Amino acid sequence: MSQSPAERAAELRKLLHEYSYRYYVLSQPALSDADFDQLYRELIALEQEHPEVITPDSPTQRTGSDLSEDFAKVQHPAPILSLSNAYNADDLTAWEERNLKLLPGGTQLTYTLEPKLDGLTIVLTYEHGVLVKAATRGNGEIGDDVTANIRTIRTIPLRIPSGRAHQTAPERLVVRGEVMYLKRDFEALNMQQVEQGLPRFINARNAASGAVKQKDSRITARRPLTAYIYAVVESVGLSLAYQWDILQFLLEMGFRTAPDAALYPTLSDVIQQIPTWESHRNQLEYEIDGVVIKVNDLRAAAELGYVGKDPRGATAYKFAAQEATTRLVGVSFTVGRTGRVTPNVALEPIFVGGVTVSNATLHNFDFVRDNDIRLGDKVLVKRSGDVIPYVSGPLVEQRDGTEQPILPPVECPFCTTPIVQPEGAVDYYCPNVYCPERVYRQAEFFVSRGAMDIDGVGAQTIRMLIDKGLIRDEADLFTIHRDQLMELEGFAEKKVDNFMAGIQAARSRPLAQLLTALGIDGVGSTIATSLADRFGSIDALEKATVEEIDAVEGIGEVLAENIGKWFADAYHHNVLEKLRTAGVNMLGQERFRAGEQLAGLTFVITGTLPTLSREQAEDLIEAHGGKISSSVSKKTSYVLMGDSPGSKADKARTLGVQIISEGELRAMLT
Ligand code: IVH
């Protein structure tokens, strides 16, 4: 017997209440977000069709609140609304049809298409051009006053118009936008966390939210947050008729607006664009979970009004979830170049974020313990952007009692040395510097791009050399003989030539590259460059005190000590001596300037170039007086494009910036 709408609604309410409780209160999600969404949508649809089944405790009546007792409260001048969702083209067409019925016959709607930025909503108030208030969304009517924290975000103008706009600011302007981390900034933040021995942030959105809700705004100031503004909530002294004009106006006032937003004459044009957005999602520099489609004509949008808390004039097209549930069927351990042991898991293969995933990382053992992840668990797997898929938590109520705890190994799986956990450390380590896996990882890193950049010495070759006992550390690569290589499987004259040429070239790499390649924990290319600039040689750095290292820009106490310890270690000292004896450059030099042909020009690089690595292309451009920028703007002189370019190429076309190939770049240098 089928259920009545009221019965089904009651059932859905019960399920949703239970799952929300597990998710929010217990932090033990029992369903993936997509499954939860589906139940939620079913309830919304049912309530729309049968408004009499709505009860005050229905989860659809809750707008959500992130209010905190730590902050003063701000009453928003107008409700900070949410958006209805669409999941396919039919949903969008139905949305337009419903809207057209509510508007005068013959109305033709145009639309803006904007990224749905995955961040934290903020509401900014400007009076006579001055930022006077910044608030979180809160419950939609009242938000937390986070003005002091928001002022630290550099992409938020403290006064508008900022820059060179000719307009003046309206008397009062309340705007809405999203605070978030750009992907690269989030990665950098996590690198810094690790360098400082602090835990990584798992989720960029939550981390951004946490940063904005800090009690101490000095902490927020240290977080590389970005803000994008996409709507005007209220204004005095401004009258604009179209959303597209609003975006242009916001831009002129000096805000970053919804990036890559575009205006389309019909809904079918919008629909055609969506697959491109979805497929480029992981190449964008910001995180999105869909796109937002807005009726461009603001008068029509106002006339359409609201359904519950959602305006009819806009809708969010949500992309396929980048998380899914599957079973954790195996555990293995990797040992990195520093000896750090990382737990990894085998999963029953699952399609998530557009790819089939059968392995994932568990980050570290604290993470495993804090989240109580066990072998045999049904788990939630996430994959966002290009990051390694990770297990975000177990579905505890699906356990049958056979699940086994995941513990650190007692001995190294590669060399059987007992595993240690240094005092105060989160991680476990294989302490054996001659552990073949550690040597392999370090040598593989040493030759990689960005490190010593040695073409002709691949990971497989390194593996063979270690297995055959021909190398015990990366320095031994420089003393291998041709004859020894010739005896290796798959090696012939040509391959040996490449190997030897690669090694020879590596002898004269700049100091900063050598410093990066040594694999000192926390020393990436930026820190390596600072060290090379300050000390000028490996010798000087070896003799430096921790205080002297600490004094270098960008280096903190923990890292300085770490660097000091690295050089004091006998094993590392030996490796350095061998490298020195083998003729590897250990001195810095003035940055080489080959010419001025590119003086005054700014380049953006995208895609894989035919012969140059990205670093080499950057060096080449800078050596001829050019500048490198990471994003395309009207000020970009040229976009240097290779294979599989990202969205930068599209942006260049939109802005009319000239695109050149590597060949054309070379021609400019002659
Ligand atoms: S418009 C009434 N535009 O997505 C105006 N929202 O699921 C509603 N969001 O709460 C918002 N990017 O926090 C709009 N380009 C964009 C957006 C955007 C992200 C967020 C916003 C909203 C949520 C709705």
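The values are calculated or read from the model by the stated rules, or taken from the named source; none is laboratory data. Values in this document were obtained by computation on a predicted structure and should not be read as measured data. Here the Cβ is made from the backbone with ideal geometry for all residues, glycine too, and neighbour counts use every protein chain on show. To get the accessible areas, we keep the full protein, side chains included, count just its heavy atoms, and leave off ligands, DNA and RNA. Shrake-Rupley method; radii C 1.70, N 1.55, O 1.52, S 1.80 Å.
Quick rundown of the values:
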{"item": "Per-region count, segment 415-434, residues in a strand (DSSP E or B) and under 13 Å from Asn364 (Cβ atoms)", "result": "1"}
{"item": "Matching entry among Arg340, Arg374, Arg327, Arg369 (being without any contact (Cβ under 8 Å) to a residue 12 or more places away in the chain, open to solvent by 50 Å² or more (accessible area, probe 1.4 Å) and away from the ligand (no atom under 16 Å from the Cβ))", "result": "Arg369"}
{"item": "Residues being more than 9 Å from the ligand (Cβ to nearest atom) and within 24 Å of Thr60 (Cβ to Cβ) - total across segment 83-108", "result": "15"}
{"item": "Filter pass, Thr220 being crowded, with 20+ Cβ neighbours inside 10 Å and of a type in the set (Ser, Thr, Tyr)", "result": "yes"}
{"item": "Matching residues, segment 562-584, being open to solvent by 60 Å² or more (accessible area, probe 1.4 Å) and β-branched (Val, Ile, Thr)", "result": "Thr581"}
{"item": "Candidate set from segment 343-366 (those that are closer than 18 Å to Met191 by Cα and under 22 Å from the mean Cα position of the chain (by Cα)); member that is least open to solvent (accessible area, probe 1.4 Å)", "result": "Leu362"}
{"item": "Residue satisfying condition, being buried (at least 16 other Cβ atoms within 10 Å of the Cβ) and of a type outside the set (Phe, Trp, Tyr), within set Leu407, Leu380", "result": "Leu380"}
{"item": "Test: residue in segment 513-521 that is open to solvent by 50 Å² or more (accessible area, probe 1.4 Å) and in contact with a Phe, Trp or Tyr (Cβ under 8 Å, 6 or more places away or on another chain)", "result": "yes"}
{"item": "Residue tally, condition in a loop (DSSP other than H, G, I, E, B) and in contact (Cβ under 8 Å) with a residue 24 or more places away in the chain, over segment 121-156", "result": "13"}
{"item": "Complete set of residues in segment 392-406 that are in contact with a helix residue (DSSP H, G or I) (Cβ under 9 Å, 6 or more places away or on another chain) and outside any loop (DSSP other than H, G, I, E, B)", "result": "Val396, Glu397, Pro405"}
{"item": "Enumeration of residues in segment 121-134 that are more than 13 Å from the ligand (Cβ to nearest atom) and buried (at least 24 other Cβ atoms within 10 Å of the Cβ)", "result": "Ala134"}
{"item": "Selected residue (criterion: nearest to Ser58 (Cα to Cα)) from residues of segment 272-324 that are of a type in the set (S, T, N, Q) and more than 10 Å from the ligand (Cβ to nearest atom)", "result": "Gln322"}
{"item": "Among (1) modelled with pLDDT of 70 or more; (2) within 21 Å of Val391 (Cβ to Cβ) - the single one Arg41 does not satisfy", "result": "(2)"}
{"item": "Some residue of segment 109-118 being in contact with a helix residue (DSSP H, G or I) (Cβ under 7 Å, 6 or more places away or on another chain), modelled with pLDDT of 95 or more and away from the ligand (no atom under 11 Å from the Cβ)", "result": "yes"}
{"item": "Selection count, segment 256-271, where residues are open to solvent by 40 Å² or more (accessible area, probe 1.4 Å) and either away from the ligand (no atom under 14 Å from the Cβ) or over 30 Å from Ser162 (Cα atoms) (or both)", "result": "6"}
{"item": "Single condition Leu238 does not satisfy, out of (1) outside any loop (DSSP other than H, G, I, E, B); (2) open to solvent by less than 60 Å² (accessible area, probe 1.4 Å); (3) not basic (Lys, Arg)", "result": "(1)"}
{"item": "Which numbered condition Ala227 fails, given (1) of a type in the set (Gly, Ala, Ser); (2) open to solvent by less than 20 Å² (accessible area, probe 1.4 Å); (3) within 24 Å of the chain's Cα centre (by Cα); (4) at pLDDT below 95", "result": "(4)"}
{"item": "Residues of segment 44-61 satisfying the condition of being open to solvent by less than 70 Å² (accessible area, probe 1.4 Å), under 15 Å from Asp310 (Cα atoms) and more than 33 Å from the chain's Cα centre (by Cα)", "result": "Ala45, Glu47"}
{"item": "Helices (runs of 4 or more DSSP H) within segment 485-568 that include 1 or more residues in contact (Cβ under 8 Å) with a residue 40 or more places away in the chain and out of contact with any Lys or Arg (no Cβ under 6 Å at 6 or more places or on another chain)", "result": "493-506, 511-517, 525-535, 538-543, 557-568"}
{"item": "Odd one out for Ile202 among (1) within 30 Å of Pro389 (Cα to Cα); (2) modelled with pLDDT of 90 or more; (3) open to solvent by 40 Å² or more (accessible area, probe 1.4 Å); (4) not in a helix (DSSP H, G or I)", "result": "(2)"}
{"item": "Pick from segment 81-120, criterion part of a strand (DSSP E or B), open to solvent by 20 Å² or more (accessible area, probe 1.4 Å) and not basic (Lys, Arg), ranking: farthest from Lys183 (Cα to Cα)", "result": "Ser84"}
{"item": "Residue in segment 288-305 that is open to solvent by 30 Å² or more (accessible area, probe 1.4 Å), assigned to a loop (DSSP other than H, G, I, E, B) and either of a type outside the set (D, E, K, R) or out of contact with any Ser or Thr (no Cβ under 7 Å at 6 or more places or on another chain) (or both) present", "result": "no"}
{"item": "Close pairs (7 angstrom Cβ cut-off, 6 or more residues apart or separate chains): over 19 Å from Ser647 (Cβ atoms) in segment 607-619, crowded, with 17+ Cβ neighbours inside 10 Å and charged (D, E, K, R) anywhere", "result": "Pro610/Glu662; Thr611/Glu662; Leu612/Glu662; Ser613/Asp453"}
{"item": "Any chance Gly313 is open to solvent by less than 50 Å² (accessible area, probe 1.4 Å), within 30 Å of Val295 (Cα to Cα) and over 24 Å from the mean Cα position of the chain (by Cα)", "result": "yes"}
{"item": "Residues being open to solvent by 50 Å² or more (accessible area, probe 1.4 Å) and in contact (Cβ under 8 Å) with a residue 24 or more places away in the chain - total across segment 242-255", "result": "3"}
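Rundown of residues vs (1) modelled with pLDDT under 95; (2) loosely packed, with under 14 Cβ neighbours inside 10 Å; (3) over 26 Å from Ser525 (Cβ atoms), yes/no style:
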site: Val433; (1), (2), (3): yes, no, no
site: Glu437; (1), (2), (3): no, no, no
site: Gln442; (1), (2), (3): no, no, no
site: Phe446; (1), (2), (3): no, no, no
site: Asp455; (1), (2), (3): yes, no, no
site: Thr461; (1), (2), (3): yes, no, no
site: Lys468; (1), (2), (3): yes, yes, yes
site: Arg472; (1), (2), (3): yes, no, yes
site: Gln484; (1), (2), (3): yes, no, yes
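Residue by residue, here is whether (1) assigned to a loop (DSSP other than H, G, I, E, B); (2) touching a helix residue (DSSP H, G or I) at 6+ places or on another chain (Cβ under 6 Å); (3) charged (D, E, K, R) holds:
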{"position": "Val381", "(1), (2), (3)": "no, no, no"}
{"position": "Pro408", "(1), (2), (3)": "yes, yes, no"}
{"position": "Pro413", "(1), (2), (3)": "yes, no, no"}
{"position": "Gly456", "(1), (2), (3)": "yes, yes, no"}
{"position": "Gln460", "(1), (2), (3)": "no, no, no"}
{"position": "Gly469", "(1), (2), (3)": "yes, no, no"}
